[in-house]
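Here is the structure we will look at.
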Amino acid sequence: MRPLDPSRRRFLTLTAASAASLTALGLPALPAAAASPAGDDTAAEPDFGPSVFVYDPATSTPEIQSTLDRIFAGQEHNEMGTDRYAVLFKPGRYEVNARLGYYTTVAGLGAHPDDVEIHGAVRVIGQPDPNSPAGISALTNFWRSVENLAVAPTDWSNQWAVSQASPMRRVHVKGILWLEPGNGGYSSGGYIADSKVDGITINGSQQQWLTRDSELGGDWTNGVWNQVFSGVVGAPAQGFPNPPYTTLPTSPVTREKPYLFVDAAGGWRVAVPALRRHTAGTTWGAGAGTVPSLPLGDFFIAKPTDSAKRLNQELSQGRHLLLTPGVYHLDRALRVKHPDTVVLGLGMPSLAPTTGDAALRIEDVDGVRIAGVLVDAGPVESELLVEVGKRNSHRSHATNPISLQDVFFRIGGPYAGKAVTSLVVNSRHTLIDNIWAWRGDHGKPGTIGWTVNTADTGVVVNGDDVTAYGLFVEHYQRWQTVWNGERGRTVFYQSELPYDPPSQAAWRSPTGNGWASYKVADHVREHEAWGLGVYSYFNQGVDIRCDRAIEAPRRAGVRFHDAVTVFLDGSGGIERTVNEAGAPVVGSYGTSPVVSYP
């Protein structure tokens with residue numbers, strides 16, 4: 001392992017952590033009284049399958065806690081496994097300590113976050129890491145989430161020590177929020193939206209973070225490289241690069257993620273929040289109105305055993321999809337053709353193409369919402385994994401855009417997947433809200449390598465007027481992100497260059513050494529981005545250089561605010577931050593901030 005700066009460098013542990021599932025651990029089946037799987041006839045619940053557990057306040061605390069503990073025991077180290085879980089709480093008060101491992105969602109089922117109060121914790125803790133000076137880190141605490149509830153911590157804080165793909169949405173923390181694993185252990189998150197924290201937020205070792213449309217009742221204690229606040233009441237003042245705060249008073253255009261809830265009459269519904277402009281604070285604070293919603297009866301409740309053909313039949317008939325936990329092996333792409341279709345994942349389900357087709361193709365229609373899914377490249381190379389609209393789509397969706405929220409891509413890790421591009425956005429006005437596109441840098445043996453899990457580019461935006469919040473794109477072999485559309489906006493960008501180029505000759509773009517992470521096409525006249533961080537760690541023992549982290553046409557309409565490059569470790573490094581601006585970060589730990597460009 002490479003030596004690390006003891007104060008604050010990032011490291012992703014090279015592990016193949018795939019612990020046994022609950023069944024393989026020999027744990028007894030959960031008794032029905034303790035946690036009836038949704039769909040139990042006696043519980044009169046929808047059939048969400050065996051990996052979703054629905055509770056009400058009448059269930060005893062020991063029974064709920066037992067279920068949470070058993071899921072965590074199976075998922076704490078199950079990084080590349082196939083098990084997925086969701087634990088849902090009907091309105092009421094619960095005294096439990098929910099620890100979240102991989103592929104686990106804990107969510108409230110109220111119309112308002114305060115309808116469900118967890119008196120205890122909903123928390124993520126650090127993992128042992130011998131390469132961290134603290135002996136613990138959160139660098140691989142991926143793929144988990146908490147949504148739509150209140151947490152009243154019974155300890156001194158509610159710990160949420162995560163890195164990418166671990167969102168906190170629509171949560172009320174009635175106390176202190178702690179975002180690091182402790183003792184200065186490394187962490188590389190993260191994302192909060194539509195949430196309120198009553199106390200201070202201890203950022204600690206978190207190297208980057210986006211907080212959007214939320215409320216902070218206390219101080220945000222510090223930052224490392226890149227902390228972005230967009231439409232956050234109580235946000236710290238603009239200070240980049242010292243402190244590294246980028247603060248936008250409002251978010252230009254937003255629409256919150258759909259969520260499942262139970263209404264006052266006991267009916268199951270899916271909320272579909274409305275489009276908002278120039279926003280700050282939560283959607284659910286004082287004076288908030290009723291959120292538009294759809295009856296769950298309008299959804300096909302899908303199981304991992306359902307074929308792509310069956311899912312497409314339901315979509316073609318105008319049904320929405322609720323994807324229950326598990327891995328969906330798809331022999332053809334799911335096709336969304338009707339406007340306002342909702343595809344909502346429960347418990348981080350995975351879409352895994354098997355034949356080289358895409359996982360999901362969306363027509364150029366109004367209002368489609370895709371939320372809460374993980375997309376895994378398959379063993380047969382796909383040209384792309386998710387396509388939004390057709391190339392050369394020009395229809396306006398300004399009043400009802402397509403949105404992708406908590407959609408995460410993975411190339412390699414569980415198996416040696418391949419895909420040329422992960423996400424292609426052709427439709428105008430699309431909203432991208434918390435995306436992690438990841439070409440794996442670690443995984444099961446035989447799934448990771450320069451010629452093994454191949455992938456050129458994470459995100460390509462061809463459509464005009466696209467807005468992205470929380471764009472995480474890492475380790476792809478060419479440009480990580482390519483922006484071809486006009487009037488694009490990115491609020492927060494985080495990217496590590498590929499770790500594993502075998503030589504400079506193998507990693508050279510048309511414009512020089514290496515491939516810039518964030519590429520704005522030469523023809524683009526207008527583009528703007530805030531809070532960008534690009535990092536290098538070349539681990540092959542070869543002097544690899546990237547001429548520039550961000551590459552864009554130099555003109556007044558193409559603007560960057562608060563960009564930084566970082567040399568993490570290894571060899572080589574990044575020569576410039578934006579085009580010709582910025583200092584080299586080569587050969588040893590260093591940062592190169594650029595406050596404004598041009």
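The values are calculated or read from the model by the stated rules, or taken from the named source; none is laboratory data. In this text, all values refer to a predicted model and were calculated from it rather than measured experimentally. Ideal geometry is used to build each Cβ from the backbone, glycine not excepted, and the neighbour counts take in all protein chains shown. All accessible areas refer to the heavy atoms of the entire protein, side chains included, with ligands and DNA or RNA removed. Shrake-Rupley method; radii C 1.70, N 1.55, O 1.52, S 1.80 Å.
Tabulated data for the structure shown
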{"quantity": "Pick from region 486-528, criterion in contact (Cβ under 8 Å) with a residue 60 or more places away in the chain and within 23 Å of the chain's Cα centre (by Cα), ranking: most open to solvent (accessible area, probe 1.4 Å)", "calculated": "ARG489"}
{"quantity": "Hits in region 82-97 (condition: surrounded by 21 or more Cβ atoms within 10 Å (Cβ to Cβ) and over 17 Å from ARG123 (Cα atoms))", "calculated": "ASP83, ARG84"}
{"quantity": "Test: ARG93 is in a strand (DSSP E or B), farther than 30 Å from ASN183 by Cα and not hydrophobic (A, V, I, L, M, F, W, C)", "calculated": "yes"}
{"quantity": "Any hit, region 296-306, residues being open to solvent by 20 Å² or more (accessible area, probe 1.4 Å) and closer than 26 Å to VAL228 by Cβ", "calculated": "no"}
{"quantity": "Residues satisfying the stated conditions in region 565-598, i.e. of a type outside the set (S, T, N, Q), farther than 17 Å from PRO498 by Cα and touching a residue at least 60 places away in the same chain (Cβ under 8 Å)", "calculated": "TYR589, PRO593, VAL595"}
{"quantity": "Selection count where residues are free of Cβ contacts under 8 Å to residues at least 40 places away in the same chain and open to solvent by less than 10 Å² (accessible area, probe 1.4 Å), scope region 311-329", "calculated": "4"}
{"quantity": "Region 529-560 - residue that is touching a residue at least 60 places away in the same chain (Cβ under 8 Å) and in contact with a Gly (Cβ under 7 Å, 6 or more places away or on another chain) and, of those, least open to solvent (accessible area, probe 1.4 Å)", "calculated": "TYR537"}
{"quantity": "PRO414 assigned to a loop (DSSP other than H, G, I, E, B), in contact with a strand residue (DSSP E or B) (Cβ under 7 Å, 6 or more places away or on another chain), of a type outside the set (A, V, I, L, M, F, W, C) and open to solvent by 20 Å² or more (accessible area, probe 1.4 Å)", "calculated": "yes"}
{"quantity": "Given (1) open to solvent by less than 20 Å² (accessible area, probe 1.4 Å); (2) of a type outside the set (Phe, Trp, Tyr); (3) touching a Phe, Trp or Tyr at 6+ places or on another chain (Cβ under 6 Å); (4) part of a loop (DSSP other than H, G, I, E, B), number of the condition ASN148 does not satisfy", "calculated": "(4)"}
{"quantity": "Residue match in region 82-97 (condition: at pLDDT 95 or above, of a type in the set (Gly, Ala, Ser) and at positive phi)", "calculated": "yes"}
{"quantity": "Residue within region 390-400 that is surrounded by 21 or more Cβ atoms within 10 Å (Cβ to Cβ) and within 23 Å of the chain's Cα centre (by Cα) present", "calculated": "no"}
{"quantity": "Residues of region 183-205 satisfying the condition of being closer than 19 Å to SER145 by Cβ and either open to solvent by less than 10 Å² (accessible area, probe 1.4 Å) or more than 21 Å from the chain's Cα centre (by Cα) (or both)", "calculated": "SER187, SER188, GLY189, GLY190, TYR191, ILE192, ALA193, ASP194, SER195, VAL197, THR201"}
{"quantity": "In region 57-66, the residues that are part of a loop (DSSP other than H, G, I, E, B) and either touching a strand residue (DSSP E or B) at 6+ places or on another chain (Cβ under 6 Å) or surrounded by 14 or more Cβ atoms within 10 Å (Cβ to Cβ) (or both)", "calculated": "PRO57, THR59"}
{"quantity": "Test: residue in region 73-80 that is open to solvent by less than 10 Å² (accessible area, probe 1.4 Å), not in a helix (DSSP H, G or I) and not polar (S, T, N, Q)", "calculated": "yes"}
{"quantity": "Residue in region 110-124 that is part of a strand (DSSP E or B), under 30 Å from PRO241 (Cα atoms) and among the small types (Gly, Ala, Ser) present", "calculated": "no"}
{"quantity": "Selection from region 330-343 of residues that are of a type outside the set (D, E, K, R) and open to solvent by 10 Å² or more (accessible area, probe 1.4 Å)", "calculated": "HIS338, PRO339"}
